[in-house]
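This report refers to the structure that appears directly beneath it.
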Amino acid sequence: MSLINQQITELIKEKLEYQDDSLNIQIKFDKNFIGFKGHFPNNPVLPGVVMIKTMTLMYELYKKKEVTLSQITQAKFIEPVFADTVTCFIVKANRDKLNRDKQTIKLQGKVLKSEKIIAKISLILQE
């Protein structure tokens with residue numbers, strides 16, 4: 001497992017909640033998080049790829065199985081996430097009923113800061 005995956009997993013594994021058909025977590029990436037390295041010096045902004053990876057890992061931890069990201073159907077980043085900012089990730093998963101031969105999962109996610117949506121992300125995963 002990569003260092004970035006390890007750090008994200010450590011942040012979310014004990015705090016992940018399932019309620020109202022959604023996976024939810026409230027987390028804070030501190031300034032020492034490896035994802036901030038080089039993005040950007042003296043002004044750390046959480047990369048969008050880290051938000052995508054966080055949502056994928058949330059699903060994997062909940063299901064206790066690895067998945068493969070096959071498509072990003074939406075990635076809208078409305079506001080930046082800076083170091084030490086408390087964020088809430090909310091993810092809903094739906095199984096693709098049209099793809100009976102594959103285990104296709106559609107994730108719909110959003111990231112909130114102070115109850116304001118700051119990112120909307122839709123992913124397609126393969127089990």
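Any read-out appearing in this document is the output of simple, stated calculations on the displayed coordinates, not a laboratory observation. Everything numeric here is computed off the predicted structure, so don't read it as measured data. When we count neighbours, we look across all protein chains shown, and the Cβ atoms used for this are built from the backbone with ideal geometry, even at glycine.
Remarks
- Phi-based couplings in Hz for the stretch 30-41 (Karplus 6.51, -1.76, 1.60; Gly and Pro marked x): 7, 4, 8, 4, 4, x, 7, 4, x, 9, 10, x
- Neighbourhood charge, 9 Å Cβ-Cβ cut-off, centred on A83 and excluding it, Lys, Arg +1 and Asp, Glu -1: 0
- For the stretch 1-39, applying the loop criterion from DSSP together with a ceiling of 11 other beta carbons within 10 Å to the GluC sites (Glu not before Pro) yields E14.
- With the biggest extent put first, the Cα atoms of the stretch 3-126 measure 48, 27, 27 Å across the principal axes.
- Distance in nm between pseudo-label sites at E17 and F82 (7 Å out along the Cβ direction from Cα): 2.7
- Inter-label distance for K116 and K92, nm, one decimal - labels placed 7 Å from Cα along Cα-to-Cβ: 2.4
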